[in-house]
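Here's the structure, in structure tokens; my notes come after.
The values are calculated or read from the model by the stated rules, or taken from the named source; none is laboratory data. This structure is a prediction, so every number in the text was calculated from the model and none was measured. Note: ideal-geometry Cβ built from the backbone for every residue, glycine included; neighbour counts use all protein chains shown.
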């Protein structure tokens, strides 16, 4: 149970920035995303931006509460191995959950104003859906 809670918390965790999707990628913009886990839905805003030829990706999570109802602090994470091929993207993310590293591999695609992805880990696959936020 604690591994499931740790994974759910890690999946919905704090912001990250990294070299991201290729120039002209349809993924650039802000997305309202939802991760469907065994612990329920975790909502976030995923933003892909470009400045000066460098791309960044950030996730701002809606507040989460732990099993005791107390607010949970944001967790640091790092992103690596970002790739894009047309509308498809993938990257790896490692989240620090109270000193425990949780590795996630994301694969997804953008189709117009819809985003679909899967975050895979030792806990299994987690589906993620998203819609583009109005600019």
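Values for this structure:
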read-out: The one condition in (1) buried (at least 16 other Cβ atoms within 10 Å of the Cβ); (2) modelled with pLDDT under 80 that residue 42 fails to fulfil; value: (2)
read-out: Filtered residue count, segment 97-129, keeping only those that are in a strand (DSSP E or B), modelled with pLDDT under 90 and loosely packed, with under 13 Cβ neighbours inside 10 Å; value: 0
read-out: Some residue of segment 63-77 being under 16 Å from residue 31 (Cβ atoms), surrounded by 10 or more Cβ atoms within 10 Å (Cβ to Cβ) and either out of contact with any strand residue (DSSP E or B) (no Cβ under 9 Å at 6 or more places or on another chain) or at pLDDT 75 or above (or both); value: no
